[in-house]
Amino acid sequence: MKVLIVGSGGREHVIAWKVAQSHKVNKIYCAPGNAGMEEYAECVNIGVLEFDKLVAFAKEKEIDLTIVGPDDPLVAGIVDSFEAAGLRVFGPRKNAAILEGSKAFSKDLMKKYNIPTAAYEKFDNPDDAIAYLEKVEFPIVVKADGLALGKGVLICNSLEEAKEGVKSIMLDKQFGDSGNTIVIEEFMIGREVSVLSFVDGKTIKNMTSAQDHKRAKDGDQGLNTGGMGTFSPSPFYTKEVEEFCNQYVYQATVDAMLAEGREFKGIIFFGLMLTEKGPKVLEYNARFGDPEAQVVLPRMKNDIVEVFEACIDGNLNQIDLQFEDNAAVCVVLASEGYPLQYEKGLGISGFENFKGKDGFYAFHAGTKKTDTGIVTNGGRVLGVTAKGANLKEARANAYKAAEWIDFSNKYYRSDIGKAIDEA
């Protein structure tokens with residue numbers, strides 16, 4: 001098979017790494033890809049939203065399967081474009097990707113089908129939103145309705161903060177049109193857990209659990225980022241939590257989408273909050289998480305291409321999804337100053353330290369190949385991932401491996417997986 005992977009981040013690197021292990025695949029292309037993916041794939045300079053060019057490329061190269069990594073092209077309808085051209089593609093169609101594309105849609109869906117989530121109201125007028133805020137309890141959560149690179153969620157501790165949040169999203173257009181509508185919801189207290197799942201429209205199979213760290217600095221200080229590190233499995237995702245979610249969340253979501261005429265094929269990422277009143281859904285994503293994929297996929301035993309094909313063909317019930325009985329931790333090496341201002345184009349050294357070391361990985365996120373070598377090309381540069389027999393061993397391995405890489409403005413959190421000690 002020839003496979004095309006759409007995307008250029010750490011998530012797409014780990015997908016390419018996993019696809020390269022498939023006995024079914026003999027050629028991989030990535031569009032646009034990054035410096036790390038070149039080990040397994042041929043990178044082609046086509047952007048993720050250039051649907052016509054991507055479709056033409058897939059036809060020209062006789063691609064057998066296209067895998068879409070990021071949220072933007074999915075929400076914009078890339079799967080529909082590929083299907084219209086008669087091409088096999090993995091991911092939800094536009095009318096299903098709305099599960100991530102609109103927080104207002106997903107909250108309304110959960111309310112309609114009794115899927116547990118935080119109480120909320122939605123607004124498309126800033127004056128109405130501010131009037132509502134004057135009679136609620138704080139803290140409160142203000143969310144941009146559309147896609148905002150994982151940064152459109154504000155936790156507001158006071159009325160002043162919340163008013164400023166509404167202003168920045170709705171009036172100052174900090175996230176563009178994504179902020180035309182906002183959702184204001186109750187602040188939930190508890191442990192966060194991420195559960196990724198494969199879906200074929202009717203059947204859902206869950207992957208192992210994970211937990212992300214969104215804030216830029218130690219102790220969950222600093223601004224929200226796309227994710228500074230993650231670990232898998234979560235010690236807080238117990239059998240009881242899993243059984244509750246199987247009954248009230250996972251299948252219920254797949255069935256709800258089908259009932260709405262929005263058959264979902266692809267990945268559903270469930271962001272859960274384990275509250276005193278039981279698990280509740282924080283958010284849905286319609287694709288692999290980044291950096292969650294970097295700790296989940298290295299632990300997966302199956303041939304991922306077989307699973308992708310089963311989702312497309314509606315045969316997921318025939319797949320026995322299996323994961324290793326171990327743990328993985330990912331520490332994101334970022335550029336100092338991320339997510340605001342940071343320097344790019346700085347030389348990176350130390351990749352050779354990973355060669356031949358089983359269970360240690362350097363997944364590229366914001367890198368670029370130049371004549372002088374690989375340089376930094378983004379805020380999140382690399383996801384250094386390591387496995388271990390248990391979470392503490394995996395964490396020690398990941399931090400050891402984080403020292404193997406060097407670039408002059410390297411920054412990372414020193415407390416990824418701190419919750420492991422509290423379990």
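The values are calculated or read from the model by the stated rules, or taken from the named source; none is laboratory data. Owing to the predicted nature of the structure, the values given are computational and were not obtained by experimental measurement. Reconstructed Cβ throughout: ideal geometry from the backbone, glycine too, with neighbour counts over all protein chains shown. We work out accessible area using only protein heavy atoms, side chains counted, and drop any ligands, DNA or RNA first. Shrake-Rupley method; radii C 1.70, N 1.55, O 1.52, S 1.80 Å.
Worth a mention:
- Odd one out for A216, checked against (1) farther than 27 Å from C311 by Cβ; (2) within 20 Å of the chain's Cα centre (by Cα); (3) outside any strand (DSSP E or B): (3)
- Test set (1) open to solvent by 20 Å² or more (accessible area, probe 1.4 Å); (2) part of a helix (DSSP H, G or I) - C245 fails condition number: (1)
- Set G388, G383: member being within 23 Å of A419 (Cβ to Cβ), in contact (Cβ under 8 Å) with a residue 60 or more places away in the chain and surrounded by fewer than 18 Cβ atoms within 10 Å (Cβ to Cβ): G388
- Residue in region 179-200 that is of a type in the set (F, W, Y) and within 30 Å of A131 (Cβ to Cβ) present: yes
- The one condition from (1) open to solvent by less than 80 Å² (accessible area, probe 1.4 Å); (2) modelled with pLDDT of 95 or more that Q318 does not meet is (1).
- If the condition is being surrounded by fewer than 18 Cβ atoms within 10 Å (Cβ to Cβ), among the small types (G, A, S) and either closer than 13 Å to K410 by Cα or touching an Asp or Glu at 6+ places or on another chain (Cβ under 7 Å) (or both), then region 334-380 contributes G337, G345, G347, S349, G350.
- Selected residue (criterion: surrounded by the fewest Cβ atoms within 10 Å (Cβ to Cβ)) from residues of region 265-297 that are touching a Lys or Arg at 6+ places or on another chain (Cβ under 9 Å) and small (G, A, S): G289
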